[in-house]
Amino acid sequence: MKCTKYSFKNLILIVVAVFGQSCTDNSVKVDEVLFNNGDIIFHESKSGQGRAVQLATASIYSHVGMIFKDKNEWQVIEAVQPVRVIPLEDFVSHGDGKRFVVKRLKESIADSLWVKCIEEAKTYLGKDYDAYFEWSDDRIYCSELIYKVYENSLGIELCKKAKLKDMHLEHPIVQEKLKERYGNSIPMNEDVVSPANIFESGLLKEVIKQDDNFVIFDNSKLYK
């Protein structure tokens with residue numbers, strides 16, 4: 001069947017409607033769509049520790065941060081060494097293959113509460129990274145940061161805390177990291193929250209996923 005100019009135009013409009021996007025030249029700037037304050041972003045860390053976290057938690061996602069808008073630019077606060085804020089595009093580029101998933105609370109939250117949430121997150125800026133995964137405020141790791149920010153600012157417990165002993169610790173890579181960090185005194189009963197625990201939270205819904213088949217960020221930082 002011959003595709004007329006009119007029918008092709010209608011097809012484009014249908015595709016745009018399905019994806020909930022609007023476009024004028026086949027590209028939509030990232031800051032015009034997709035993200036909300038407080039969104040939680042997961043990616044696959046390229047570090048050696050990241051691989052150990054993947055194995056120990058049976059999840060491909062080994063790092064997590066929180067998205068917010070500052071001066072009209074999307075940023076991510078993340079617990080590395082030290083806790084910092086970086087542009088969203090930089091956070092994405094640090095993940096393996098630039099793959100990531102964004103999740104969001106199913107429940108709607110007032111804008112004023114998201115302001116409170118962001119303010120709470122910023123109180124951790126400059127804090128040292130916790131390579132020992134201790135449940136304290138002296139140092140902090142990535143998923144602990146997100147858990148505590150949501151709990152302290154919104155009163156929301158994203159997931160149940162687990163114990164270190166509940167993880168899959170038998171793999172040699174995991175064993176090597178445990179030995180490196182703890183020697184022979186592994187704190188098996190330490191409370192922990194992993195990126196996988198938050199990822200599986202029933203309070204969250206998936207809103208964005210970039211993988212090899214669906215690309216949001218390219219070299220021009222545009223959605224295509």
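Among the chymotrypsin sites (Phe, Trp or Tyr not before Pro) in segment 107-173, those located in a DSSP loop and surrounded by at most 14 other Cβ atoms within 10 Å of their own Cβ are Tyr132. Model label points for Ile60 and Asp166, set 7 angstrom from Cα along the Cα-to-Cβ axis, are 2.4 nm apart. For Val115, project a label point 7 Å along Cα to C-beta. Then give me every residue of segment 149-191 with its amide nitrogen under 17 Å of that point. The answer is 153-154, whose backbone nitrogens lie closer than 17 Å to the label point. Of the trypsin sites (Lys or Arg not before Pro) found in segment 130-200, the ones in coil according to DSSP and having at most 15 other Cβ atoms within 10 Å of their Cβ are Lys160, Lys161.
If I take R0 = 35 Å and measure r between the Cβ atoms of Ser108 and Glu134 in this structure, what FRET efficiency does the formula 1/(1 + (r/R0)^6) give, to the nearest 0.05? Kindly include the intermediate steps, with their values, before the conclusion.
Values: r = 34 Å, r/R0 = 0.98.
It comes out at approximately 0.55.
Going from the fewest other Cβ atoms within 10 Å to the most, the residues Ser59, Ser93 appear in the order Ser93, Ser59. For GluC sites (Glu not before Pro), the sites in segment 146-204 that DSSP calls loop and that have at most 10 other Cβ atoms within 10 Å are Glu170.
Relative contact order of segment 71-175: what whole-number percent is it, with Cα pairs under 8 angstrom and at least 6 residues apart? Before the final figure, lay out the partial values.
Working: 91 pairs, mean separation 26.3, N = 105.
Rounded, it is 25 percent for segment 71-175.
Semi-axes of the equivalent ellipsoid for segment 33-215, computed as √(5λ) from the eigenvalues of its C-alpha gyration tensor and ordered from largest down, come to 26, 18, 15 Å.
In terms of its C-alpha gyration tensor, segment 97-146 has an oblate overall shape, because the principal axis ratio a/c (a ≥ b ≥ c, square roots of the eigenvalues) is not below 1.5 and a/b does not outweigh b/c.
Only the coordinates and a few stated rules stand behind these numbers; no lab work does. These numbers were taken from a predicted model, which means no experiment stands behind them. So basically every Cβ, Gly included, is an ideal-geometry build from the backbone, and we count neighbours across all protein chains shown.
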